[in-house]
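Here's the structure, in structure tokens; my notes come after.
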Amino acid sequence: MGRIIGIDLGTTHSLCAVMGGGGPELIPNRVGTYLTPSIVAITADNHILTGAAAKEMSLLEPERCAARFKRMMGTNHVFRLGDQTFSAIELSSLLLKSLKRDAEAHLGTRIEEAVITVPAYFNDHQRKATQRAGELAGLKVTRMINEPTAAALTYGFHDRHSERRLLVFDLGGGTLDVTLMDIFESSLEIIATSGQSMLGGEDFTATLLQWVCEQEGTSPNQRRAVDPRGYARLWKECEAAKVRLSWEQSTALRLPEPDGLLGEEPTTLTLTRERFESLLERFQPRLVSCIQKTLNDGRTQPEQIDHVILVGGATRMPMVANLLREGFGKPPLCRYHPDEVVAMGAAVQAGLYENHVAVEDLVLTDVCPFTLGIAVSKQLGRDYRTGYFLPIIHRNTTLPVSREEVVYTLYPNQREVDVMIYQGESRKIKDNLLLGHLKVTGIPAATEEQEIFIRFTYDLSGVLEVEALVGDSGRTFRSVLSQQVKGLDEKDLQEALARMAQYKFYPRDQEAHQHLLLFAEQVLAEVSSRRRDELERLIDAYEAALWEAGQVENGQTWFFESRQKLTDYLEDLGYTLNQPPEESDFGQFKP
Ligand code: ADP
Ligand code: MG
């Protein structure tokens, strides 16, 4: 049997891990780092690039690249890359395929199965879309687990003999999840979870970018319309300034020209942490209410929490750590790297699936993060009114769960019912999310109202199945919901598989060269004109050597020399390719 890997498929970064002899181990990608940027690009000759090389390309040719597509999972949004279009499912599948290849190269074995993590608050469409992306990438998705649950698994794996109540606060690029859980005697019990699927570090960068544009008397949309490269570079500068403000009190934000060039002495804008935090104030109520909701659902007071665990890149912001410190009266805990802890937990889950000896005695229970039910009519006074929500599975019910409710036909001789299925907490369906519907036909003609049994089954991956049984006739109708989003139906699968098969990945052995070339080209936009000529000459020489490497005598020597010269010169300028992530200062959060 091949190995099952764990994949953290993030909005901004993705990672893979596998269960090793001593515990979960991260898998390096083809450029030797653990974090793979969740970016897909298509080159002019229709080759797919992902990860670090695609990230460089997103600064040079943003119109050929897509990022943050996880936010559009489970919707019908279409991404345009060059003259091609892709759905979020297809882009995710390309990313997954490249992660799978990296893992295969590193482990030296075929990988056909994976545990993929999703935000706890991902709805049924988003989960099915993730599952479908896996299938398109040639991966059987053994299980999807919630990201905070995965983080907790990492803590639980290493600390299983303690008895604790934990709150996992996971603020990534695009989503916030807050989860409450207990660890005792190797068992991990999720008690309650809640979240927001449109709140994360990318919103903070977007807020900063908006502010910068206002200072310049323009707007993000205008800036993008003038030149997408200028916009992409400004985004990069805003993101870098945001990250610096996690360590510094004040920073100079470089302002690129509309076409993306930074020029000899770029204009800068000074930004203090205080000012930045005041721009983000409007997000605070959402962060707080999410924590409050989880605590209320779990009937827990802040003082009862033993540890608050930080997960996700955006939790490095002092604003976030301070908020949690004040709310819980103790500093949050960050024993494992917040970028890596989810992937490691996915590997622990994969280990549980493989019956790996290292996880033998670990038991995990998770919950359904939201209420699921159907639309019904209610008799209010003398009239029947439509549009009400009948919950069948309540939020925070332990998984897996199967529940049944009985509903009745509304009038004599009613022969069919369209069961509308919703997710949400409101008593009216208009405020909840429609997941799909199930048409029940062939109800026997009768003068009295007929019973219809509706059964909801919510599995360990968070995928919902609905069954309807017509009382007297014994007829059963079954549906795995997916009708609302394109690309999820079974008939779409073959079509998408064929479509995806036509895309070729950039040849693996040449991707590193392409990566260096793109990296050097995007550095060009940042250096002074004095150094620019020399850099451009070295890039040209490298590109020429790349063409000739396999074709002329001594081509290889020429190639390696020109590569070395280019990297040396870039280093002189202060630019290093594949710099390992900065050692971050987590000391302050350690217990
Ligand atoms: P995801 O899992 O959604 O891909 P990550 O957990 O990788 O997200 O977090 C990425 C987000 O964290 C990005 O928005 C990034 O800008 C932000 N981020 C990373 N490091 C820092 C930092 N030091 N300070 C502030 N934000 C950060
Ligand atoms: Mg994440």
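Glu274 is checked against (1) in the same structural domain as Leu153 (by TED's automatic domain parsing); (2) more than 26 Å from Phe370 (Cβ to Cβ) and fails just one. What number does that condition carry? Here Glu274 clears every test but (1).
Gly217 - would you say it is more than 16 Å from ligand 1 (Cβ to nearest atom), assigned to a loop (DSSP other than H, G, I, E, B) and of a type outside the set (D, E, K, R)? It is true that Gly217 is more than 16 Å from ligand 1 (Cβ to nearest atom), assigned to a loop (DSSP other than H, G, I, E, B) and of a type outside the set (D, E, K, R).
Given the condition in contact (Cβ under 8 Å) with a residue 60 or more places away in the chain, in a loop (DSSP other than H, G, I, E, B) and more than 28 Å from the chain's Cα centre (by Cα), answer yes or no: does some residue in the range 361-383 qualify? Yes, the conditions are met somewhere in the range 361-383.
So is Pro400 surrounded by 13 or more Cβ atoms within 10 Å (Cβ to Cβ) and either under 23 Å from the mean Cα position of the chain (by Cα) or of a type outside the set (Val, Ile, Thr) (or both) or not?
On the way: surrounded by 13 or more Cβ atoms within 10 Å (Cβ to Cβ): yes; either under 23 Å from the mean Cα position of the chain (by Cα) or of a type outside the set (Val, Ile, Thr) (or both): yes.
It is true that Pro400 is surrounded by 13 or more Cβ atoms within 10 Å (Cβ to Cβ) and either under 23 Å from the mean Cα position of the chain (by Cα) or of a type outside the set (Val, Ile, Thr) (or both).
For Val178, the conditions (1) away from ligand 2 (no atom under 16 Å from the Cβ); (2) among the aliphatic types (A, V, I, L, M); (3) in the same structural domain as Lys70 (by TED's automatic domain parsing) all hold with the exception of (1). Restricting to the range 295-339, name every residue that is among the hydroxyl-bearing types (Ser, Thr, Tyr) and in contact with a strand residue (DSSP E or B) (Cβ under 8 Å, 6 or more places away or on another chain). Once the filter is applied, which keeps residues that are among the hydroxyl-bearing types (Ser, Thr, Tyr) and in contact with a strand residue (DSSP E or B) (Cβ under 8 Å, 6 or more places away or on another chain), the range 295-339 yields Thr300, Thr315.
Residues that are without any contact (Cβ under 8 Å) to a residue 60 or more places away in the chain, at least 3 per element: which strands (runs of 3 or more DSSP E) completely within the range 78-195 meet that? Spell out the reasoning first.
Details: elements: 78-81, 84-87, 111-118, 140-146, 164-171, 176-184.
In the range 78-195, the matching strands (runs of 3 or more DSSP E) lie at 78-81, 84-87, 176-184.
If you go through the range 131-153 and keep only what is within 16 Å of ligand 1 (Cβ to nearest atom) and touching a Lys or Arg at 6+ places or on another chain (Cβ under 9 Å), you end up with just Met144. Being under 14 Å from the mean Cα position of the chain (by Cα) and closer than 21 Å to Glu147 by Cβ is a property that does not hold for Ile27. Inclusion of Ser246 among residues that are exposed (fewer than 13 other Cβ atoms within 10 Å of the Cβ), more than 16 Å from ligand 2 (Cβ to nearest atom), among the hydroxyl-bearing types (Ser, Thr, Tyr) and closer than 25 Å to Leu199 by Cβ is not warranted. Would you please name the residue that is farthest from ligand 1 (Cβ to nearest atom), looking only at residues in the range 293-342 that are of a type in the set (Lys, Arg) and over 23 Å from the mean Cα position of the chain (by Cα)? Among residues in the range 293-342 that are of a type in the set (Lys, Arg) and over 23 Å from the mean Cα position of the chain (by Cα), the one farthest from ligand 1 (Cβ to nearest atom) is Arg299.
The set of residues in the range 154-168 that are in contact with an Asp or Glu (Cβ under 8 Å, 6 or more places away or on another chain) and within 16 Å of ligand 1 (Cβ to nearest atom) contains only Val168.
The values are calculated or read from the model by the stated rules, or taken from the named source; none is laboratory data. Keep in mind that what you see is a predicted model, and the values were worked out from it rather than measured. All Cβ positions, glycine included, derive from the backbone under ideal geometry; neighbour counts span all protein chains shown.
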